[in-house]
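The values are calculated or read from the model by the stated rules, or taken from the named source; none is laboratory data. Everything numeric in this text was worked out from a predicted model, so none of it was measured. Note: ideal-geometry Cβ built from the backbone for every residue, glycine included; neighbour counts use all protein chains shown. Accessible surface areas use protein heavy atoms only, side chains included; no ligands, DNA or RNA. Shrake-Rupley method; radii C 1.70, N 1.55, O 1.52, S 1.80 Å.
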Amino acid sequence: MSDNKPTVKVIGAGLAGCEAAHILSRLGVHVDLYEMKSIRKSPAHHSDNYAELVCSNSLRAGNIENAVGLLKEELRIMGSLIMEAADKAQVPAGGALAVDRDEFSGYITNAIKTDPNITIHEEEINEVPREGIVVVATGPLTDGALYDDIMSLTGDSDLHFFDAAAPIVTADSIDMSTAFRASRYGKGGDDYINCPMNKDEYLAFYNALITAERADVKGFDREIVFEGCMPIETMASRGEDTMRFGPLKPVGLIDPRTGEEPYACLQLRQDDRAKSMYNLVGFQTRLKWPEQKRVFGMIPGLEKAEYYRMGVMHRNTYLNSPKVLNSDYSMRQYPDIFFAGQITGVEGYIESTASGFLAGYYAAMKALGVEPPFVPDSETVMGSMALYVSDESIKKFVPMNANFGIVANMPGKFRGKTKKKDKNAAIAARSIEKICQFADIISK
(Lines give C-alpha, C1' and ligand atoms only; values in the text may rest on other atoms or scores of the structure.)
Protein backbone atom coordinates (compact mmCIF):
# COMPACT_ATOMS: atom_id res chain seq x y z
CA MET A 1 0.00 0.00 0.00
CA SER A 2 1.29 3.45 -0.91
CA ASP A 3 0.05 5.01 2.35
CA ASN A 4 2.31 2.69 4.38
CA LYS A 5 -0.55 1.39 6.51
CA PRO A 6 0.08 -2.07 7.95
CA THR A 7 -1.99 -4.83 6.33
CA VAL A 8 -3.91 -7.71 7.87
CA LYS A 9 -5.43 -10.53 5.84
CA VAL A 10 -8.99 -11.58 6.75
CA ILE A 11 -10.24 -14.86 5.30
CA GLY A 12 -14.02 -15.04 5.09
CA ALA A 13 -16.70 -12.34 4.83
CA GLY A 14 -19.28 -13.78 7.18
CA LEU A 15 -20.42 -12.00 10.34
CA ALA A 16 -17.10 -12.45 12.14
CA GLY A 17 -14.94 -11.65 9.10
CA CYS A 18 -16.86 -8.48 8.24
CA GLU A 19 -16.77 -7.31 11.86
CA ALA A 20 -13.03 -8.00 12.04
CA ALA A 21 -12.40 -6.16 8.76
CA HIS A 22 -14.48 -3.19 9.93
CA ILE A 23 -12.67 -2.67 13.24
CA LEU A 24 -9.27 -3.17 11.57
CA SER A 25 -10.15 -0.45 9.08
CA ARG A 26 -11.43 1.88 11.82
CA LEU A 27 -8.13 1.49 13.65
CA GLY A 28 -6.12 2.49 10.59
CA VAL A 29 -5.08 -0.92 9.31
CA HIS A 30 -5.48 -1.92 5.66
CA VAL A 31 -7.42 -5.15 5.11
CA ASP A 32 -7.06 -7.73 2.36
CA LEU A 33 -10.40 -9.53 2.62
CA TYR A 34 -10.77 -12.90 0.89
CA GLU A 35 -14.22 -14.33 0.10
CA MET A 36 -15.03 -17.28 -2.17
CA LYS A 37 -18.83 -16.95 -2.56
CA SER A 38 -18.70 -15.56 -6.09
CA ILE A 39 -16.69 -18.66 -7.09
CA ARG A 40 -18.12 -21.39 -4.86
CA LYS A 41 -20.82 -21.40 -2.19
CA SER A 42 -21.15 -23.81 0.70
CA PRO A 43 -24.27 -26.05 0.73
CA ALA A 44 -25.95 -23.71 3.22
CA HIS A 45 -25.36 -20.42 1.40
CA HIS A 46 -27.56 -18.93 -1.33
CA SER A 47 -26.76 -15.22 -1.66
CA ASP A 48 -23.66 -13.46 -3.01
CA ASN A 49 -23.92 -10.93 -0.18
CA TYR A 50 -21.58 -10.99 2.80
CA ALA A 51 -22.69 -11.83 6.36
CA GLU A 52 -25.51 -14.05 5.09
CA LEU A 53 -27.78 -15.38 7.83
CA VAL A 54 -27.93 -19.10 7.11
CA CYS A 55 -30.37 -20.27 9.79
CA SER A 56 -32.81 -18.01 11.64
CA ASN A 57 -33.28 -14.30 11.00
CA SER A 58 -33.48 -13.74 14.76
CA LEU A 59 -30.55 -12.31 16.70
CA ARG A 60 -32.38 -13.38 19.85
CA ALA A 61 -33.26 -11.47 23.04
CA GLY A 62 -33.14 -7.70 23.01
CA ASN A 63 -33.10 -6.78 26.72
CA ILE A 64 -29.81 -6.32 28.56
CA GLU A 65 -30.92 -8.51 31.48
CA ASN A 66 -30.30 -11.36 29.05
CA ALA A 67 -26.67 -12.23 28.25
CA VAL A 68 -27.03 -12.10 24.46
CA GLY A 69 -29.03 -8.89 24.76
CA LEU A 70 -26.22 -7.39 26.82
CA LEU A 71 -23.65 -8.62 24.30
CA LYS A 72 -25.56 -6.79 21.57
CA GLU A 73 -25.45 -3.60 23.63
CA GLU A 74 -21.71 -4.02 24.23
CA LEU A 75 -21.22 -4.28 20.48
CA ARG A 76 -23.43 -1.26 19.78
CA ILE A 77 -21.35 0.84 22.15
CA MET A 78 -18.21 -0.34 20.36
CA GLY A 79 -19.58 0.81 16.98
CA SER A 80 -20.19 -2.68 15.59
CA LEU A 81 -21.02 -2.79 11.87
CA ILE A 82 -23.15 -5.90 12.37
CA MET A 83 -25.27 -4.26 15.05
CA GLU A 84 -25.62 -1.09 12.98
CA ALA A 85 -26.96 -3.22 10.12
CA ALA A 86 -29.25 -5.21 12.43
CA ASP A 87 -30.83 -2.10 13.94
CA LYS A 88 -31.47 -0.64 10.48
CA ALA A 89 -32.92 -3.91 9.11
CA GLN A 90 -35.04 -4.75 12.17
CA VAL A 91 -38.44 -6.37 11.71
CA PRO A 92 -41.09 -6.96 14.45
CA ALA A 93 -40.32 -9.97 16.70
CA GLY A 94 -41.72 -9.23 20.14
CA GLY A 95 -38.90 -8.99 22.66
CA ALA A 96 -36.30 -10.32 20.22
CA LEU A 97 -34.21 -8.56 17.58
CA ALA A 98 -35.00 -10.04 14.16
CA VAL A 99 -33.99 -8.66 10.77
CA ASP A 100 -34.88 -8.65 7.11
CA ARG A 101 -32.01 -10.92 6.16
CA ASP A 102 -31.50 -9.52 2.64
CA GLU A 103 -31.53 -5.90 3.82
CA PHE A 104 -29.18 -6.84 6.69
CA SER A 105 -26.55 -8.57 4.58
CA GLY A 106 -26.92 -6.00 1.78
CA TYR A 107 -26.13 -3.17 4.19
CA ILE A 108 -22.99 -4.94 5.45
CA THR A 109 -21.85 -5.87 1.95
CA ASN A 110 -22.12 -2.26 0.78
CA ALA A 111 -20.24 -0.96 3.84
CA ILE A 112 -17.38 -3.41 3.31
CA LYS A 113 -17.15 -2.94 -0.46
CA THR A 114 -17.11 0.85 -0.25
CA ASP A 115 -14.54 1.04 2.56
CA PRO A 116 -11.32 2.48 1.05
CA ASN A 117 -9.24 0.62 3.66
CA ILE A 118 -10.54 -2.79 2.53
CA THR A 119 -9.45 -4.57 -0.65
CA ILE A 120 -11.74 -7.43 -1.70
CA HIS A 121 -10.23 -10.58 -3.20
CA GLU A 122 -12.87 -12.85 -4.71
CA GLU A 123 -11.01 -16.11 -4.52
CA GLU A 124 -10.91 -19.36 -2.62
CA ILE A 125 -8.10 -19.79 -0.09
CA ASN A 126 -6.82 -23.35 0.30
CA GLU A 127 -4.36 -22.80 3.13
CA VAL A 128 -3.85 -20.32 5.95
CA PRO A 129 -1.05 -17.85 5.06
CA ARG A 130 2.01 -18.40 7.25
CA GLU A 131 3.41 -14.91 6.68
CA GLY A 132 1.94 -11.70 8.05
CA ILE A 133 -0.98 -11.24 10.41
CA VAL A 134 -4.11 -13.22 9.49
CA VAL A 135 -7.66 -13.48 10.84
CA VAL A 136 -9.27 -16.78 9.84
CA ALA A 137 -13.06 -16.33 9.86
CA THR A 138 -14.07 -19.07 7.44
CA GLY A 139 -17.01 -20.23 9.51
CA PRO A 140 -18.26 -23.61 10.70
CA LEU A 141 -18.78 -24.85 7.13
CA THR A 142 -15.04 -24.78 6.33
CA ASP A 143 -14.18 -27.75 4.15
CA GLY A 144 -11.80 -29.10 1.53
CA ALA A 145 -8.12 -28.22 1.42
CA LEU A 146 -8.51 -25.29 3.83
CA TYR A 147 -10.15 -27.54 6.42
CA ASP A 148 -7.27 -30.01 6.08
CA ASP A 149 -4.74 -27.20 6.46
CA ILE A 150 -6.44 -25.84 9.58
CA MET A 151 -6.47 -29.31 11.10
CA SER A 152 -2.74 -29.62 10.36
CA LEU A 153 -2.14 -26.23 12.02
CA THR A 154 -4.07 -27.15 15.15
CA GLY A 155 -2.73 -30.70 15.29
CA ASP A 156 -6.23 -31.88 16.12
CA SER A 157 -8.66 -34.40 14.74
CA ASP A 158 -11.88 -32.96 13.39
CA LEU A 159 -14.41 -31.56 15.84
CA HIS A 160 -17.93 -30.83 14.71
CA PHE A 161 -21.62 -30.82 15.51
CA PHE A 162 -24.73 -30.69 13.36
CA ASP A 163 -26.80 -27.55 12.87
CA ALA A 164 -30.11 -27.03 11.09
CA ALA A 165 -32.31 -24.35 9.56
CA ALA A 166 -36.09 -24.03 9.81
CA PRO A 167 -38.43 -23.80 6.80
CA ILE A 168 -39.77 -20.46 5.56
CA VAL A 169 -43.31 -20.17 4.16
CA THR A 170 -44.97 -17.45 2.09
CA ALA A 171 -47.26 -15.19 4.09
CA ASP A 172 -50.19 -15.37 1.67
CA SER A 173 -50.29 -19.17 1.91
CA ILE A 174 -51.01 -19.16 5.67
CA ASP A 175 -54.68 -19.72 6.52
CA MET A 176 -55.47 -16.74 8.73
CA SER A 177 -58.97 -18.00 9.43
CA THR A 178 -57.25 -20.46 11.77
CA ALA A 179 -53.97 -18.72 12.59
CA PHE A 180 -53.90 -15.47 14.56
CA ARG A 181 -51.47 -12.64 15.22
CA ALA A 182 -50.11 -12.11 18.73
CA SER A 183 -46.94 -12.03 20.79
CA ARG A 184 -46.57 -14.13 23.91
CA TYR A 185 -48.14 -12.26 26.86
CA GLY A 186 -48.84 -9.38 24.46
CA LYS A 187 -45.20 -8.24 24.49
CA GLY A 188 -44.14 -6.38 21.34
CA GLY A 189 -47.54 -6.17 19.68
CA ASP A 190 -48.97 -8.68 17.22
CA ASP A 191 -45.54 -9.60 15.88
CA TYR A 192 -45.99 -13.37 15.40
CA ILE A 193 -48.45 -15.47 13.46
CA ASN A 194 -49.65 -18.30 15.69
CA CYS A 195 -50.97 -21.70 14.61
CA PRO A 196 -52.97 -23.19 17.51
CA MET A 197 -53.53 -26.92 18.00
CA ASN A 198 -56.00 -28.80 20.17
CA LYS A 199 -54.93 -32.05 21.81
CA ASP A 200 -56.09 -34.33 18.99
CA GLU A 201 -54.41 -32.18 16.34
CA TYR A 202 -51.18 -32.07 18.33
CA LEU A 203 -51.07 -35.84 18.91
CA ALA A 204 -51.73 -36.54 15.22
CA PHE A 205 -48.92 -34.17 14.28
CA TYR A 206 -46.59 -35.64 16.92
CA ASN A 207 -47.12 -39.23 15.72
CA ALA A 208 -46.62 -38.24 12.09
CA LEU A 209 -43.45 -36.34 12.96
CA ILE A 210 -41.69 -39.10 14.90
CA THR A 211 -42.37 -41.63 12.12
CA ALA A 212 -41.61 -39.35 9.15
CA GLU A 213 -38.79 -40.18 6.74
CA ARG A 214 -35.60 -38.30 7.43
CA ALA A 215 -32.88 -37.20 5.03
CA ASP A 216 -29.68 -39.17 5.24
CA VAL A 217 -27.08 -36.83 6.73
CA LYS A 218 -23.70 -38.56 6.74
CA GLY A 219 -22.48 -39.25 10.26
CA PHE A 220 -25.49 -37.61 11.95
CA ASP A 221 -26.38 -40.54 14.19
CA ARG A 222 -22.87 -40.62 15.66
CA GLU A 223 -22.40 -36.91 16.17
CA ILE A 224 -23.27 -34.00 18.44
CA VAL A 225 -26.42 -31.95 17.87
CA PHE A 226 -26.21 -28.43 19.28
CA GLU A 227 -29.13 -28.10 21.70
CA GLY A 228 -30.05 -24.61 20.48
CA CYS A 229 -30.64 -25.87 16.93
CA MET A 230 -31.96 -29.36 17.58
CA PRO A 231 -34.10 -30.81 14.76
CA ILE A 232 -37.76 -30.74 15.77
CA GLU A 233 -38.10 -34.48 15.07
CA THR A 234 -35.17 -35.20 17.41
CA MET A 235 -36.85 -33.11 20.09
CA ALA A 236 -40.14 -34.93 19.55
CA SER A 237 -38.45 -38.30 19.95
CA ARG A 238 -37.58 -37.36 23.55
CA GLY A 239 -41.19 -37.54 24.62
CA GLU A 240 -44.76 -36.72 23.69
CA ASP A 241 -44.84 -33.40 25.55
CA THR A 242 -41.27 -32.21 24.91
CA MET A 243 -42.31 -29.89 22.06
CA ARG A 244 -45.07 -28.38 24.23
CA PHE A 245 -42.40 -27.21 26.66
CA GLY A 246 -40.24 -25.99 23.79
CA PRO A 247 -41.15 -24.29 20.50
CA LEU A 248 -44.80 -25.35 20.69
CA LYS A 249 -45.47 -24.09 24.20
CA PRO A 250 -48.85 -22.32 24.29
CA VAL A 251 -48.15 -20.29 27.43
CA GLY A 252 -49.03 -16.60 27.10
CA LEU A 253 -51.09 -17.06 23.91
CA ILE A 254 -54.90 -16.93 23.69
CA ASP A 255 -56.72 -18.32 20.65
CA PRO A 256 -59.32 -15.64 19.74
CA ARG A 257 -61.65 -18.31 18.36
CA THR A 258 -61.98 -20.03 21.76
CA GLY A 259 -60.83 -17.38 24.21
CA GLU A 260 -58.55 -19.99 25.75
CA GLU A 261 -54.93 -21.05 25.67
CA PRO A 262 -54.43 -23.74 22.99
CA TYR A 263 -53.02 -27.19 23.80
CA ALA A 264 -49.96 -26.40 21.67
CA CYS A 265 -49.04 -23.52 19.38
CA LEU A 266 -46.50 -22.98 16.61
CA GLN A 267 -45.23 -19.43 16.15
CA LEU A 268 -44.19 -18.01 12.78
CA ARG A 269 -41.74 -15.10 12.79
CA GLN A 270 -41.58 -12.38 10.13
CA ASP A 271 -38.52 -12.96 7.92
CA ASP A 272 -38.51 -9.85 5.73
CA ARG A 273 -39.57 -6.22 6.00
CA ALA A 274 -42.30 -6.68 3.38
CA LYS A 275 -44.00 -9.33 5.60
CA SER A 276 -44.06 -11.73 2.65
CA MET A 277 -42.12 -14.56 4.36
CA TYR A 278 -42.40 -16.21 7.76
CA ASN A 279 -40.16 -18.85 9.33
CA LEU A 280 -41.37 -21.69 11.56
CA VAL A 281 -39.82 -20.82 14.93
CA GLY A 282 -37.89 -23.74 16.41
CA PHE A 283 -38.63 -26.05 13.49
CA GLN A 284 -35.10 -26.90 12.40
CA THR A 285 -35.36 -30.22 10.64
CA ARG A 286 -33.72 -32.94 8.59
CA LEU A 287 -36.97 -34.44 7.28
CA LYS A 288 -37.02 -35.10 3.56
CA TRP A 289 -38.63 -32.21 1.71
CA PRO A 290 -41.85 -34.02 0.70
CA GLU A 291 -42.21 -35.14 4.32
CA GLN A 292 -41.83 -31.56 5.55
CA LYS A 293 -44.75 -30.50 3.36
CA ARG A 294 -46.86 -33.48 4.45
CA VAL A 295 -46.17 -33.38 8.19
CA PHE A 296 -45.99 -29.62 8.71
CA GLY A 297 -49.14 -29.35 6.61
CA MET A 298 -50.96 -31.10 9.46
CA ILE A 299 -50.50 -27.98 11.60
CA PRO A 300 -53.67 -25.84 11.52
CA GLY A 301 -53.07 -22.82 9.30
CA LEU A 302 -50.31 -24.48 7.26
CA GLU A 303 -52.45 -26.97 5.33
CA LYS A 304 -51.77 -25.17 2.03
CA ALA A 305 -48.48 -23.52 2.94
CA GLU A 306 -46.07 -22.71 0.12
CA TYR A 307 -42.40 -22.87 0.99
CA TYR A 308 -39.87 -20.20 0.14
CA ARG A 309 -37.16 -22.43 1.65
CA MET A 310 -37.31 -25.97 3.04
CA GLY A 311 -35.58 -26.91 6.27
CA VAL A 312 -32.01 -28.14 5.86
CA MET A 313 -29.23 -29.59 8.02
CA HIS A 314 -25.48 -29.12 7.74
CA ARG A 315 -22.33 -30.06 9.62
CA ASN A 316 -20.54 -27.35 11.60
CA THR A 317 -16.83 -27.57 12.33
CA TYR A 318 -15.19 -26.02 15.37
CA LEU A 319 -11.71 -26.06 16.89
CA ASN A 320 -10.68 -27.51 20.22
CA SER A 321 -10.07 -23.87 21.08
CA PRO A 322 -8.88 -24.16 24.70
CA LYS A 323 -6.03 -26.28 23.41
CA VAL A 324 -4.99 -23.98 20.56
CA LEU A 325 -6.21 -20.40 21.19
CA ASN A 326 -5.26 -17.59 23.54
CA SER A 327 -7.88 -15.26 25.03
CA ASP A 328 -7.18 -12.74 22.23
CA TYR A 329 -8.23 -15.43 19.69
CA SER A 330 -4.63 -15.86 18.46
CA MET A 331 -3.06 -19.30 18.17
CA ARG A 332 -0.78 -20.37 20.98
CA GLN A 333 1.70 -21.89 18.52
CA TYR A 334 1.32 -19.26 15.75
CA PRO A 335 0.54 -15.92 17.47
CA ASP A 336 0.17 -14.01 14.17
CA ILE A 337 -2.78 -16.23 13.20
CA PHE A 338 -6.12 -15.30 14.77
CA PHE A 339 -9.38 -17.22 14.51
CA ALA A 340 -12.87 -15.71 14.74
CA GLY A 341 -16.49 -16.79 14.49
CA GLN A 342 -18.24 -20.09 15.09
CA ILE A 343 -15.15 -22.08 14.17
CA THR A 344 -13.77 -21.00 17.57
CA GLY A 345 -16.67 -22.61 19.44
CA VAL A 346 -18.71 -19.49 20.13
CA GLU A 347 -22.24 -20.39 19.11
CA GLY A 348 -24.65 -17.85 17.64
CA TYR A 349 -24.70 -14.87 15.31
CA ILE A 350 -23.92 -12.25 17.96
CA GLU A 351 -21.28 -14.36 19.68
CA SER A 352 -19.56 -14.82 16.30
CA THR A 353 -19.73 -11.07 15.73
CA ALA A 354 -18.14 -10.36 19.12
CA SER A 355 -15.31 -12.80 18.46
CA GLY A 356 -14.71 -11.12 15.09
CA PHE A 357 -14.61 -7.72 16.75
CA LEU A 358 -12.07 -8.82 19.35
CA ALA A 359 -9.92 -10.82 16.92
CA GLY A 360 -9.84 -7.80 14.61
CA TYR A 361 -9.05 -5.46 17.49
CA TYR A 362 -6.17 -7.57 18.78
CA ALA A 363 -4.86 -8.18 15.24
CA ALA A 364 -4.88 -4.40 14.68
CA MET A 365 -2.91 -3.81 17.87
CA LYS A 366 -0.31 -6.33 16.74
CA ALA A 367 -0.12 -4.83 13.23
CA LEU A 368 0.30 -1.33 14.67
CA GLY A 369 2.97 -2.56 17.09
CA VAL A 370 1.22 -1.36 20.24
CA GLU A 371 -0.06 -3.04 23.38
CA PRO A 372 -3.87 -3.28 23.62
CA PRO A 373 -4.92 -0.26 25.70
CA PHE A 374 -7.90 -2.16 27.09
CA VAL A 375 -8.69 -5.85 27.46
CA PRO A 376 -12.34 -6.84 28.06
CA ASP A 377 -12.42 -9.14 31.06
CA SER A 378 -14.84 -11.57 32.70
CA GLU A 379 -17.05 -8.70 33.86
CA THR A 380 -18.17 -8.24 30.24
CA VAL A 381 -19.92 -10.78 28.05
CA MET A 382 -17.51 -10.41 25.12
CA GLY A 383 -14.55 -10.84 27.47
CA SER A 384 -16.15 -13.86 29.15
CA MET A 385 -16.68 -15.60 25.80
CA ALA A 386 -13.02 -15.04 24.87
CA LEU A 387 -11.91 -16.46 28.22
CA TYR A 388 -14.25 -19.45 27.85
CA VAL A 389 -12.92 -20.56 24.47
CA SER A 390 -9.32 -20.27 25.72
CA ASP A 391 -9.79 -21.92 29.13
CA GLU A 392 -7.23 -24.74 29.28
CA SER A 393 -8.95 -26.28 32.32
CA ILE A 394 -11.98 -27.33 30.24
CA LYS A 395 -11.87 -31.10 29.89
CA LYS A 396 -14.50 -31.51 27.17
CA PHE A 397 -14.99 -28.43 25.02
CA VAL A 398 -18.36 -27.85 23.37
CA PRO A 399 -19.75 -24.78 21.55
CA MET A 400 -21.56 -22.31 23.81
CA ASN A 401 -23.90 -19.34 23.53
CA ALA A 402 -23.42 -16.20 25.59
CA ASN A 403 -24.74 -16.71 29.12
CA PHE A 404 -24.37 -15.15 32.54
CA GLY A 405 -22.97 -18.40 33.93
CA ILE A 406 -19.52 -17.55 32.51
CA VAL A 407 -19.61 -13.87 33.55
CA ALA A 408 -17.98 -12.89 36.87
CA ASN A 409 -20.43 -12.87 39.78
CA MET A 410 -21.54 -9.69 41.48
CA PRO A 411 -20.11 -9.25 45.00
CA GLY A 412 -21.77 -8.39 48.29
CA LYS A 413 -25.53 -7.91 48.39
CA PHE A 414 -25.99 -9.63 45.03
CA ARG A 415 -24.97 -12.99 46.44
CA GLY A 416 -27.59 -15.39 47.75
CA LYS A 417 -31.30 -14.66 47.39
CA THR A 418 -31.20 -11.55 45.19
CA LYS A 419 -33.78 -11.67 42.41
CA LYS A 420 -32.27 -12.93 39.17
CA LYS A 421 -33.53 -9.93 37.19
CA ASP A 422 -31.96 -7.46 39.66
CA LYS A 423 -28.68 -9.37 39.66
CA ASN A 424 -28.57 -9.48 35.86
CA ALA A 425 -29.37 -5.76 35.68
CA ALA A 426 -26.42 -5.06 37.98
CA ILE A 427 -24.14 -7.25 35.85
CA ALA A 428 -25.32 -5.34 32.77
CA ALA A 429 -24.66 -1.94 34.38
CA ARG A 430 -21.15 -3.04 35.39
CA SER A 431 -20.43 -4.37 31.92
CA ILE A 432 -21.71 -1.28 30.10
CA GLU A 433 -19.57 0.98 32.30
CA LYS A 434 -16.46 -1.00 31.34
CA ILE A 435 -17.36 -1.21 27.67
CA CYS A 436 -17.92 2.56 27.52
CA GLN A 437 -14.37 3.01 28.81
CA PHE A 438 -13.15 0.58 26.13
CA ALA A 439 -15.04 2.50 23.43
CA ASP A 440 -13.61 5.83 24.57
CA ILE A 441 -10.05 4.49 24.49
CA ILE A 442 -10.10 2.90 21.04
CA SER A 443 -11.98 5.79 19.43
CA LYS A 444 -9.14 8.20 20.26
| remark: Residue set GLN284, GLN270; condition touching a Phe, Trp or Tyr at 6+ places or on another chain (Cβ under 9 Å) and among the polar types (S, T, N, Q); output residue GLN270
| Got a number for residues in segment 61-82 being buried (at least 23 other Cβ atoms within 10 Å of the Cβ) and of a type in the set (Lys, Arg)? | 1
| query | If we scan segment 98-107, do we find a residue that is among the aromatic types (Phe, Trp, Tyr) and either without any contact (Cβ under 8 Å) to a residue 40 or more places away in the chain or under 22 Å from THR317 (Cα atoms) (or both)? | reply | yes
| request: Please find, within segment 260-308, the residue that is least open to solvent (accessible area, probe 1.4 Å) out of those that are among the basic types (Lys, Arg) and farther than 25 Å from GLY95 by Cα. | output: ARG286
| task | Find the helices (runs of 4 or more DSSP H) located wholly in segment 226-330 whose residues include 3 or more that are out of contact with any Gly (no Cβ under 7 Å at 6 or more places or on another chain) and touching a residue at least 60 places away in the same chain (Cβ under 8 Å), and list them. | result | 289-296, 321-324
| request: Tell me, yes or no, whether segment 2-20 has at least one residue that is open to solvent by 50 Å² or more (accessible area, probe 1.4 Å) and touching a Lys or Arg at 6+ places or on another chain (Cβ under 7 Å). | output: no
| field | Number of positions in segment 331-364 that are surrounded by 20 or more Cβ atoms within 10 Å (Cβ to Cβ), out of contact with any Leu (no Cβ under 8 Å at 6 or more places or on another chain) and over 18 Å from LEU146 (Cα atoms) | value | 7
| query | Has segment 36-48 got at least one residue that is surrounded by 24 or more Cβ atoms within 10 Å (Cβ to Cβ), part of a loop (DSSP other than H, G, I, E, B) and small (Gly, Ala, Ser)? | reply | no
| note | Note on segment 352-387: residues free of Cβ contacts under 8 Å to residues at least 40 places away in the same chain, of a type in the set (Ser, Thr, Tyr) and either outside any helix (DSSP H, G or I) or under 21 Å from GLY405 (Cβ atoms) (or both) are SER378, SER384
| query | Among the residues of segment 395-404, which ones are crowded, with 16+ Cβ neighbours inside 10 Å and either aliphatic (A, V, I, L, M) or at pLDDT 95 or above (or both)? | reply | MET400, ALA402
